[in-house]
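Everything below concerns the one structure shown next.
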């Protein structure tokens, strides 16, 4: 079977196309929200979502990943009874855990709003978020099940439905002047509830096709679920908790530099709420690979296909580095025109251009993490994340009060490069691959910088979308020509 006809490739195209639509819709929604509520409220909303992500992490307890790994391994071994039994048991445990987290959050909403969110919102808003947790947890379990069976279209439609309902709810509620924070959180609840109903119906219908053996060793399955999920959940709690602390500290330490809290939230909103999502927008191709790689690597790991792991890893690294370097230069060239057109704010373009050097490492890190999780090294991934967060928190606490916004940018650089380089080193050692700096990094960079130098010699400026498009076409043509001279593109496909 050729790669074009393979199920993996078809799933990749489907996932990429759908993710592209979702990201475009989400980006347009974020632009609407930003222009409607301003960067200060956007910053505080980003803080709320970081806290909410911590609650989601606790609710998941690592079980969706356990489902993906266990079901994919049982699928390749043709153990139909184990597929049905393990997925059902895992979903039940996830439901119990997420409901417990929901109840706990509601009971302590006032203290949580005060301690973690600096009283920037009405505590009742937390109730809306808490009620979303069981639906998010179970939907993640169902999607993990379908991803393991390579039925990617079902999780894709589920996610698409989530974003459509969320977008429609936000636009409608903001239009009728519904209270801002309640509008944003209620839209999350409505979208997650809708996607849960859809995913639940699909899961119930699919799992009925598997007959559970009455002699199935349920105790063994439970141990296997928690063998995978327990270490993941433990390190996830630490990682997510540290992440919440990290983001909560940023505006507080910016305030120590001399900013007002509102201005600090505005800086945080521009960088974290607008600039970072902007540079991550093209990562749809990388994210598609990441989603599909995990169950594929679990299959290779289960069948002990070492040579396949080595060859695939090498190809993915070469292509990912090449594309991410090219994308980073395109974003740098386009930032001024695109950002001003979208946000009417030159500051966004300024921070986007500053952050472009971390695009490549962010994209590669995403790929490397999925590979490591597929190879049963998820605990190692979490340890790397925890080390990264501890270093970041230290830098935020001691550095930002002296360096201000520049200190926050420095933290982002240190964080991404420490995390990325450690993940890359781990997967290269596991796959027994040597990193080829000359072929994978230096030669593409020479081609890119040469192309950038040439277009800077052109006798006109980029003043509108038409001139930007013209420059990008010239830049890409020169880049392709130079890479052809260096024979880089054929080497990518080997």
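Bear in mind these aren't lab numbers, they're just calculated from the coordinates by the rules spelled out. These numbers come from a predicted model, not from an experiment. Reconstructed Cβ throughout: ideal geometry from the backbone, glycine too, with neighbour counts over all protein chains shown.
Highest mean first, the peptides 65-76, 180-191 sorted by other C-beta atoms within 10 Å per residue fall in the order 65-76, 180-191.
Length gained on full extension, residue 433 to residue 306, computed as 0.36 nm times the residue gap minus the Cα-Cα distance: 44.5 nm. Scaling against 2.2 N^0.38 Å puts the C-alpha radius of gyration of segment 303-401 at 1.42. Write down the Kirkwood hydrodynamic radius of segment 355-494, to one decimal in angstroms, obtained as one divided by the mean of 1/r over all alpha carbon pairs. Kirkwood radius, segment 355-494: 17.9 Å.
One decimal place: the segment residue 24-residue 469 gains 158.3 nm when fully extended, by the rule 0.36 nm per residue minus the C-alpha distance. Once you have the Kirkwood Rh of the chain from its Cα pairs, apply Stokes-Einstein at 20 °C and 1.002 mPa s and quote D in µm²/s. For the chosen part, D equals 89 µm²/s.
So, in Å, what gap is there between the alpha-carbon centers of segment 120-147 and segment 172-207? Their Cα centres are 10 Å away from one another.
The value of relative contact order for segment 7-435, using C-alpha pairs under 8 Å at least six residues apart, is 22 percent.
Protection proxy ranking, highest mean first, for peptides 447-455, 266-274: 266-274, 447-455, where packing is the per-residue count of other beta-carbon atoms within 10 Å, averaged. Cα-based radius of gyration for segment 124-165, normalised by 2.2 N^0.38 Å, reads 1.35. Placing pseudo-labels 7 Å out from each Cα toward the beta carbon at residue 315 and residue 201 gives an inter-label distance of 3.8 nm.
A Förster distance of 41 Å, applied to the separation of the beta-carbon atoms of residue 458 and residue 110, puts the FRET efficiency at 0.10. Between residue 340 and residue 261, the C-beta separation translates, for a Förster distance of 41 Å, into a calculated FRET efficiency of about 0.90.
Each part reduced to its alpha carbon centroid, segment 377-456 and segment 300-328 end up 18 Å apart. If the segment from residue 489 to residue 211 were pulled out straight at 0.36 nm per residue, it would be longer than the present Cα-Cα gap by 95.2 nm.
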